[in-house]
1. Please go through the range 133-149 and give me each residue that is modelled with pLDDT of 95 or more and surrounded by fewer than 23 Cβ atoms within 10 Å (Cβ to Cβ), ordered by number.
2. How about the range 52-80: which of its residues are closer than 20 Å to PHE29 by Cα and either part of a helix (DSSP H, G or I) or of a type in the set (Val, Ile, Thr) (or both)?
3. Suppose the filter is assigned by TED's automatic domain parsing to the domain that holds PHE252, of a type in the set (Val, Ile, Thr) and part of a loop (DSSP other than H, G, I, E, B); does THR131 pass it?
4. Could you please find all residues in the range 261-270 being within 16 Å of SER242 (Cα to Cα) and either touching a residue at least 40 places away in the same chain (Cβ under 8 Å) or surrounded by 23 or more Cβ atoms within 10 Å (Cβ to Cβ) (or both)?
5. Among (1) in contact with a Lys or Arg (Cβ under 9 Å, 6 or more places away or on another chain); (2) not β-branched (Val, Ile, Thr); (3) not in a loop (DSSP other than H, G, I, E, B), which single condition is GLY142 missing?
6. Just to be sure, is GLY173 in the same structural domain as VAL115 (by TED's automatic domain parsing) and in contact with a Lys or Arg (Cβ under 6 Å, 6 or more places away or on another chain)?
7. Taking the condition of being among the charged types (D, E, K, R) and within 30 Å of the chain's Cα centre (by Cα), how many residues in the range 56-75 meet it?
8. Can you confirm whether the range 10-21 contains a residue that is assigned to a loop (DSSP other than H, G, I, E, B), under 31 Å from the mean Cα position of the chain (by Cα), without any contact (Cβ under 8 Å) to a residue 40 or more places away in the chain and at positive phi?
Amino acid sequence: MNNDRHYYLAFSLVEGIGPVRFKLLLEYFGSAQKAWEAPKAELEKIGLNQKIVEQIVEKQKTFRPETYITDLAKKEISFITTADSDYPELLKQISDPPFVLFVKGKIIKEDILAVGIVGTRYPTSYGREVTERISSDLAVSGITIISGMARGVDGIAHRAAIEVGGRTIAVLGCGIDIIYPPENRQLYFDIAKNGAVVSEFPPGMMVTRGLFPARNRLISGLSRGIVVTEGAKDSGSLITASDAAKQGRDVFAVPGSITNPMSAAPLYLMKDGAKIITCAKDVLDELGIIYGALKSHESAFAKATAGEPVRKNFRAESPIEEAIFSILASGGIQIDQMIRKLEKKPEEVLPTITLMEIQGKVKNIGNMTYALCA
């Protein structure tokens, strides 16, 4: 089998050979090596189209596994096949796992405790804050953060995990050695040092729009659940959430203002049965994962376990937060009454009060009545 994995690698370099066709080859020939060494006429018998057969024949003439593997090693790239014992267990469970996974960094057995965080490339300040909070609190609880290293929510989730010393895995929609978007160059190397960058596409495969849906199924496939923090109605995060549901994974959505276009994806998912979450603990509870003290540098729970009064260290981060603190100083109040007292529009208050609840500054004590956390 050790030698056979070289031919898994060979087939991964043939355009048009994906998980389904590769499985067909294995079933017919019995091993990847026998399939690779098969004559053209034999390959044509099993229904491969002429273009793919011609590509295999050409690759047979030039591919040298030892040389190729040496070149990968020079770039600090390894590969795992579905025949290997260290292939990610969660990914192996999906219907179409990639038969070869290229890796920069290292996947470890603890990565089986993983949650994907995805969303818009253009998050609001609320979306950024929520993503940072949830990602960092999950990471310090021993959860590996999975995302796609795209602009916006993806990058924020990766960085938040790294900043608290957690693990994170980026799934690329291009070759493992192609850094996209280019401004995430440093993030790419930071992720490889604190987890792994992975791709089913071989080195040199350039970015094309058609590769991203395939990438999305791996984000969900590597995760126990997917969190969507913000996204427009046509967000790619909905594709990832759909893949997650098909794979039997949990889908989580963060509530936001109904007037914010970037709340459209989470709101759609909530209507479709996604679990509503406001903090990392909600995710862990739903997944049945035992959690310890959340150690996020600004989480209310961490401050409480450090022995400091939570309220004492809270600072208003905006005029509207200061006004909410002032109103709640005299006791709990129902949200509609609060909005009237503030003389603000609901869409100005609701995102702020939700964020304050996530931060542990206030709590919903029932029937949308809010009070200060003790």
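1. Within the range 133-149, no residue meets the criteria.
2. ILE52, VAL53, GLU54, GLN55, ILE56, VAL57, GLU58, LYS59, GLN60, LYS61, PRO65, listed by residue number.
3. no
4. If the condition is that a residue be within 16 Å of SER242 (Cα to Cα) and either touching a residue at least 40 places away in the same chain (Cβ under 8 Å) or surrounded by 23 or more Cβ atoms within 10 Å (Cβ to Cβ) (or both), then ALA265, PRO266, LEU269 are the ones that fit.
5. (3) is the only condition that GLY142 fails.
6. Here the answer is yes, as GLY173 does meet what is asked.
7. If we filter the range 56-75 for residues that are among the charged types (D, E, K, R), which is where we start, we get 58-59, 61, 64, 66, 71, 74-75.
Those still in the list that are within 30 Å of the chain's Cα centre (by Cα) too: 71, 74-75.
Total satisfying the criteria: 3.
8. yes
The values are calculated or read from the model by the stated rules, or taken from the named source; none is laboratory data. Since this is a predicted model, take the numbers as computed values, not measurements. With ideal geometry, Cβ positions are generated from the backbone for all residues, glycine too; neighbour counts draw on all protein chains shown.
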